[in-house]
Amino acid sequence: MKNKPRVLLLSASSGAGHVRAAQALEKAFLARGDCTVEHIDALRYVSKLFQRVYDKAYISMVRRAPELMGLLYERTDQPWQHLRPRLALDRLNTGPMIRLLKRVQPDLCVATHFLPAEIIAWLIAKKKLSTHNAIVVTDYDVHAMWLCRTVDRYYVAIEEAAEYLAHIGVAREKLRVTGIPIDSLFAVSLARAEARKHLGLDAEATVILISAGGYGIGPLEQLVKELLELQRPWQIVAIAGKAEKTRKRLEDLVNAASKLPSGAPRLCAVGFTSEMDKYMAAADLMVGKAGGLTTSEALACALPMALIEPIPGQEERNADHLLEAGAAIRCNNLPAAAWKVATLLDDAARLNRMRESARKLGRPTAAAAIAEDALRLID
């Protein structure tokens, strides 16, 4: 009896999106039942110093020096340049990952972060690993850090990304436009009324969902205060993510905020949640960051977005694509953000157009499509 092919998913916990994409893929591969699947965080298999730089330094830079983050993003976005120095540095710090890959010898590797993808590509090129290498890009643009020579498949979010890769030398037969993989829960159609009932939200009020992302990054509290000051008949749901201190401060705002005419709370504070699919189904507008995973989830729910101060670099580029498609507005100046949100919510026709644009751009079954195509590489 032939053994099931062994699939190894590799993410990195420098930013929640890479891990969530891999988790969505793990669920999709397991649902098929025709392969064995393992998901590892590549940052657990690097040197301690390297892990600190990738994890802690990333979050710190995003919070304290976003302009520097944007500068680094632009300066390093040079296709096919500096591959050897980067590989040499990464090899010095990824000994445990290299040993793991050699020991496991998977039939298929699927990376949702460029670090493991690069190491896998090098091992294949040196004939130290016999596997297929698939890369899943978790933003709408493809930064040069994602580029490797020994790759069987690139899975990208939009047609423009595929065209870009083709024009810089990646063979078209290696390219697939699938969308960014998100949890299969977002592929299940959920009526707004049903979602609101499940979450205990007001059945009639306009619901604004404010998300700070998995790590609670962003000017969440200030925006909530200013939206409450407008005294509109909205219900605001603020998701603090893993930022427990932020959630507690939001709870104080809940107690101070008045109630809606129905008696429902005007503000609902939520910490880390596994029910974002339901919150998005319940909402009329999402306000938050322009991360690849969060925006892909919103698109899958046909949920219009107001993007707040996108982080220079990949978030700004993500925002550009969403604006161009008509699925989002961008709030560059936080003091005017509440006014801009209110202006949009007052324009029902525009909001409906944005909802339809989001629906057209959404790819809720991306994870399943990637799993199906990637397994064909083994046959």
Residue among 138, 206, 150, 131 that alone is of a type in the set (Ser, Thr, Tyr) and farther than 28 Å from residue 43 by Cβ: 206
Condition broken by residue 217, with the remaining ones in (1) modelled with pLDDT of 95 or more; (2) assigned to a loop (DSSP other than H, G, I, E, B); (3) among the aliphatic types (A, V, I, L, M) satisfied: (1)
Residue ranges of helices (runs of 4 or more DSSP H) in the range 329-379 with at least 1 members under 25 Å from residue 225 (Cβ atoms), modelled with pLDDT of 95 or more and more than 19 Å from the chain's Cα centre (by Cα): 337-345, 348-361
All positions within the range 1-42 that are within 18 Å of residue 96 (Cβ to Cβ) and touching a Lys or Arg at 6+ places or on another chain (Cβ under 7 Å): none
Identity of the residue in the range 150-182, under 21 Å from the mean Cα position of the chain (by Cα) and among the hydroxyl-bearing types (Ser, Thr, Tyr), that ends up nearest to residue 298 (Cα to Cα): 178
Answer from 79, 106 - the residue that is in contact with a strand residue (DSSP E or B) (Cβ under 6 Å, 6 or more places away or on another chain) and either in the same structural domain as residue 153 (by TED's automatic domain parsing) or more than 24 Å from residue 7 (Cα to Cα) (or both): 106
Qualifying residue in the range 307-315 (condition: over 16 Å from residue 330 (Cα atoms), of a type in the set (Asp, Glu) and modelled with pLDDT of 90 or more): no
When residues of the range 332-378 are limited to those that are within 20 Å of residue 310 (Cβ to Cβ) and hydroxyl-bearing (Ser, Thr, Tyr), the one surrounded by the fewest Cβ atoms within 10 Å (Cβ to Cβ): 343
Single residue of 212, 243, 282, 269 found to be modelled with pLDDT of 95 or more, of a type in the set (Gly, Ala, Ser), crowded, with 21+ Cβ neighbours inside 10 Å and under 22 Å from residue 16 (Cβ atoms): 282
Filtered residues of the range 1-19 (kept if surrounded by fewer than 18 Cβ atoms within 10 Å (Cβ to Cβ) and assigned to a strand (DSSP E or B)): 6
Within the range 236-264, tally of residues that are free of Cβ contacts under 8 Å to residues at least 40 places away in the same chain, in a loop (DSSP other than H, G, I, E, B) and farther than 20 Å from residue 285 by Cα: 6
First in the range 1-22 and polar (S, T, N, Q), second anywhere and assigned to a strand (DSSP E or B), Cβ under 9 Å, 6 or more apart: 3/36; 11/39; 11/40; 11/41; 11/111; 13/41
Residue in the range 20-72 that is modelled with the lowest pLDDT, counting only those that are outside any helix (DSSP H, G or I) and over 23 Å from residue 379 (Cβ atoms): 65
Among residues of the range 168-214, those that are over 30 Å from residue 373 (Cβ atoms), of a type outside the set (A, V, I, L, M) and in a loop (DSSP other than H, G, I, E, B), counted: 3
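The values are calculated or read from the model by the stated rules, or taken from the named source; none is laboratory data. In this text the structure is predicted, and so the values were computed from the model without any measurement. Using ideal geometry, Cβ is built from the backbone for each residue, glycine included, and neighbour counts are taken over all protein chains shown.
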